[in-house]
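**Q** Have a look at the structure that comes next, please.
The values are calculated or read from the model by the stated rules, or taken from the named source; none is laboratory data. What you are looking at is a predicted structure, and each value in this text was computed from that prediction instead of being measured. Here the Cβ positions follow ideal geometry from the backbone for every residue, glycine too, while neighbour counts run over all protein chains shown. Just so you know, the surface numbers come from the protein's heavy atoms only, side chains and all, with ligands and any DNA or RNA stripped out. Shrake-Rupley method; radii C 1.70, N 1.55, O 1.52, S 1.80 Å.
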Amino acid sequence: MHETKKRQILEVAAGILEREGAQAVSTRSVAAAAGVRAASLYQLFGDKDGLLAALAILAFDRYLDEKHLLSSTGDPVDDMRRGWDAHVDFGLRHPAFYLLMFGSDRPGRRPPAATEAHDLVLKFLDRVAAVGRLRVAPVLAARLLQAAVTGVTLSLIADPDENRDLEISARVRETVIGSLVTDAPPDVDSGLASRALALDAAIAAADQADLPLRPAETALLRDWLQQLAR
């Protein structure tokens, strides 16, 4: 019952957020719209910051639900492009949510679901590394990719609808992805970095019991491979 009521209030708050922006979300406005006493809302969320934090979690949950619906094309690089476009599309359809998720004025504080979103990007990049097409380590590639797509999305949100040019997103996407991946698998492109990253990805995906190495040796080998990929 407690969680059901909390969810109902959050849905009301989400409606206010999407219609009027974060500045319109207050404990008073949400309590009135949800038909509950302000005291009840304080018990559930604390102050306005607590309510906004709960809304950010809801936003990331919706974002992840859409991301998980993306099916694989069989080409991990093409899946990167589709993931980029889905990210931008979510931001443009839900600008107030997106600003709460990625434009926070509270540095260093992100909902747990933000970590899951980051891990999802890493899984995409691990697949690219596994086929030998990643130029840099997945962790660095994820940071570069997320910084770029977030910047593009925030920039497009700031533009009036009549001036919004989605070609900007496509151009930045291709520039960033082009800097992160090779043009061909390692049987054609013999770059050492991509081969090292491919082997590192294969080791990471393998069961330790299937490897003829002790855990410390595996860790050392992966460290060497990551050094070679720099």
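**Q** Of the cross-linked pairs Lys5/Lys48; Lys5/Lys67; Lys67/Lys123, which ones have a Cα-Cα span greater than 21 Å in the structure shown?
**A** Too far apart for the 21 Å limit: Lys5/Lys67.
**Q** In whole percent, and with a 1.4 Å probe on the protein chains, what portion of the accessible area of the chain is carbon and sulfur?
**A** 55
**Q** Per-residue counts of other Cβ atoms within 10 Å, averaged by peptide: what ranking do you get for 85-96, 124-135, highest first?
**A** 124-135, 85-96
**Q** In percent, what relative contact order does the range 1-120 have, based on Cα pairs under 8 Å that are 6 or more apart in sequence?
**A** 28
**Q** Relative to the longest principal axis of the C-alpha atoms of the chain, give the angle of the C-alpha long axis of helix 167-180, reported between 0 and 90° and rounded to the nearest 10°.
**A** That helix lies at roughly 40 degrees to the long axis.
**Q** Below 11 angstrom from the Cβ of Val30, what's the summed charge of the other residues (Lys, Arg +1; Asp, Glu -1)?
**A** Neighbour charge sum, excluding Val30 itself: +1.
**Q** Given H placed 1.01 Å from N in the peptide plane, which residues other than close sequence neighbours of Val181 have an amide H under 5 Å from its amide H?
**A** HN-HN under 5 Å from Val181: Arg135.
**Q** Follow-up question, since we're still on this one. Taking the mean number of other Cβ atoms within 10 Å as a proxy for protection, how do you rank 42-53, 158-169 from highest to lowest?
**A** Answer by packing, highest mean first, reads 42-53, 158-169.
**Q** Right, next: Quick one: which residues, 5 or more positions from Ser26 or on another chain, have an amide H under 5 Å from its amide H? H modelled 1.01 Å from N in the peptide plane, none for Pro or chain starts.
**A** Residues meeting the criterion, in which the H sits 1.01 Å from N, do not exist here.
**Q** Trypsin sites (Lys or Arg not before Pro), restricted to the range 1-46: which are DSSP loop and have at most 12 other Cβ atoms within 10 Å?
**A** Arg37
**Q** Now, a different point. Working from Cα positions, state the angle (0 to 90°, nearest 10) between the long axis of helix 215-228 and the longest principal axis of the chain.
**A** 90
**Q** Next question, about the same structure. Here are labelled values, [x] 34, 19, 15; [y] 30, 22, 17; [z] 40, 22, 13, and one is the computed semi-axes √(5λ) of the Cα gyration tensor in Å for what I pasted. Which one?
**A** Answer label, from the structure shown: [z].
**Q** How far is helix 192-205 tilted off the main Cα axis of the chain, in degrees rounded to 10, range 0 to 90?
**A** 60
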